[in-house]
Amino acid sequence: MSILKFAVSIFCFLLLFISACDVEVQLSDVEWKNKENLKTDNLKYVTTFKIDSCEKITIRYHKKMSDPGNGIAPKTKEIRDKATISQLLQLIRALPDTGEIMKKPGDVSVLQVILTLNDNETEFFAFYGETIKTTDTSFYSKHPAEEKVIYNMLMKLLAE
């Protein structure tokens, strides 16, 4: 009987050991899939929408806010066309820097707008659903017309 107990103990130990190794591999896979998504962790949120100029705009779109945590890569587009950037910046500069309300969005879509400024510094802002999070981390109670125009323009560029 003691040999049977010993064999069962070794079997259980090996099963736990293999399971633990498998979990580590799964976590590494998720981290690898999210590597691109984690890049905004080092970026700072814009402090003003009064941006003079930038070299390029990168847009990243997730259908759901939970996508990065689930290893789902964003749809990404880089914009370098000077006329397009100029048009977007003109609209962005028209936005008020502060909003009037705080809210916690659900698992909505997220559109990140990453601005590479002329000094190679990068900043970003984001739309949650179709509403922009302002520089003071609030949202508008009365949405400026430019907000919808910017969102629609970015989504159209993303689709091209």
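Every Cα-Cα pair in the range 37-159 was counted, and those over 24 Å apart are 21% of them.
Report the extension gain between Lys63 and Met153 in nm, rounded to one decimal, defined as 0.36 nm multiplied by the number of residues separating them, less their alpha carbon distance.
Numbers: separation 90, 0.36 × 90 = 32.40 nm, distance 1.70 nm.
Length gained between Lys63 and Met153: 30.7 nm.
For GluC sites (Glu not before Pro), the sites in the range 50-127 that DSSP calls loop and that have at most 12 other Cβ atoms within 10 Å are Glu100, Glu121.
Out of the range 113-160, which trypsin sites (Lys or Arg not before Pro) are coil in DSSP terms and have no more than 12 other C-beta atoms within 10 Å?
Working: sites: Lys133, Lys142, Lys148, Lys156; in loops: Lys133, Lys142.
Loop-located and lightly packed - Lys142.
Counting lysine pairs in the range 45-124 that sit 8 or more residues apart in sequence, or on different chains, and whose Cα atoms lie under 20 Å apart gives 12. Going by neighbour counts of Cβ atoms within 10 Å, the residues Leu117, Leu88 line up, fewest first, as Leu117, Leu88.
P(r) tail for the range 97-160: Cα pairs beyond 12 Å make up 72% of the total.
With a simple spin-label model that places each label point 7 Å from the Cα along the Cα-to-Cβ direction, the separation between Asp136 and Glu55 comes to 3.3 nm. Our summary gives the range 37-159 a relative contact order of 31 percent, counting only alpha carbon pairs under 8 angstrom and 6 or more residues apart.
Read the figures in this text as sums done on the coordinates, not as results from a lab. In this text the structure is predicted, and so the values were computed from the model without any measurement. Cβ sites come from the backbone with ideal geometry, for glycine too, and all protein chains shown count toward neighbours.
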